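Taking it in order: structure first as structure tokens, then the write-up.
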Amino acid sequence: GDAVLPSDLSSAQDETSDTFDPSIQEEQVASLALEPVSVTPDPAAVAPEKRRRLFGRNTPAKAAGMAVPDVGLNANLPFGQVARVCDVAMKDLGTRVERAEPKKTGYAIYDSAPDSAAPRSFYVTGFSDSCVRQFTASLAVFGTPAFHEQLRYGLPAVEYPYSTTDRAYEKLKAKLCKVGPNKPCGARISRLEDTTAFVSVYEHFGANPRWADMLLHDGALLATAVKTP
């Protein structure tokens, strides 16, 4: 979940120029997920009394995890913001490019334009409300709790400050693994691995001055953050 862009991808495409305001703190950007979006939502996707599941069944709408705005398919979202799209057919999401491991987590990433190197819409499926989560990126990959812990506890906090997703993971880990702060889950890591995944989101191919992080657990989006190296 906290991985940097792999070096073998850095030469895949020419780097896209980006202007980054360092005054924007990660928590401020993460909180964008709770703000309204300047797009016109699809009327069919916004708060009907009942939503049609991806597989055709009707179910009452329900919230899962952190609140995010409802938008229409392919809405133009700012980098770092996550929104929800409901009543959408799987075929309209693009190409499935990755599934979280182990597969029993149920999460998958779909790319709306896998042959493109430009920022575009990505979708994550596997949420308990049967809606997908949409965001803008050039690349998105899954990470496991074990890999997150390898990075989180392998670096001093002064060099790698705790983010919104880090703190949410600490609370989740304490509940399921019964361990204190700044300690790995240990032998009980399977309690997290079966239900939990990180998504690392990159704005561009090549060097990135920032990336976004998402924490998923038990069919819900628990937290988002934007990070800098």
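The values are calculated or read from the model by the stated rules, or taken from the named source; none is laboratory data. Because the structure is a prediction, the values reported are computed rather than measured. No Cβ is skipped: glycine too gets one built from the backbone with ideal geometry, and neighbour counts run over all protein chains shown. What goes into the accessible areas is simple: the full protein's heavy atoms, side chains included, and nothing from ligands, DNA or RNA. Shrake-Rupley method; radii C 1.70, N 1.55, O 1.52, S 1.80 Å.
Of the residues making up region 180-210, just one is among the aromatic types (Phe, Trp, Tyr) and touching a Gly at 6+ places or on another chain (Cβ under 9 Å), namely Phe198. Within region 96-113, restricting attention to residues that are among the aliphatic types (A, V, I, L, M) and in a loop (DSSP other than H, G, I, E, B), the residue that is most open to solvent (accessible area, probe 1.4 Å) is Ala113. When region 147-183 is limited to residues that are loosely packed, with under 14 Cβ neighbours inside 10 Å and of a type in the set (Lys, Arg), the one that is modelled with the lowest pLDDT turns out to be Lys183. Looking at region 44-91, the strands (runs of 3 or more DSSP E) lying wholly inside it that each contain 3 or more residues that are surrounded by 12 or more Cβ atoms within 10 Å (Cβ to Cβ) and modelled with pLDDT of 50 or more sit at 83-85.
Determine if region 97-105 includes at least one residue that is touching a Leu at 6+ places or on another chain (Cβ under 7 Å) and closer than 29 Å to Cys185 by Cα. Looking through region 97-105, none of the residues is touching a Leu at 6+ places or on another chain (Cβ under 7 Å) and closer than 29 Å to Cys185 by Cα. Ser138 meets each of the listed conditions (1) free of Cβ contacts under 8 Å to residues at least 12 places away in the same chain; (2) under 22 Å from Val226 (Cα atoms) apart from (1).
Looking only at region 174-229, how many residues end up being part of a loop (DSSP other than H, G, I, E, B) and in contact with a strand residue (DSSP E or B) (Cβ under 9 Å, 6 or more places away or on another chain)?
Matching residues across region 174-229 total 10.
Report yes if some residue within region 114-127 is farther than 27 Å from Arg84 by Cβ, at pLDDT below 95 and open to solvent by 10 Å² or more (accessible area, probe 1.4 Å); otherwise report no. No, the conditions are met nowhere in region 114-127. Among the residues of region 184-229, just one is open to solvent by 10 Å² or more (accessible area, probe 1.4 Å), more than 19 Å from Lys104 (Cβ to Cβ) and hydroxyl-bearing (Ser, Thr, Tyr), namely Thr228.
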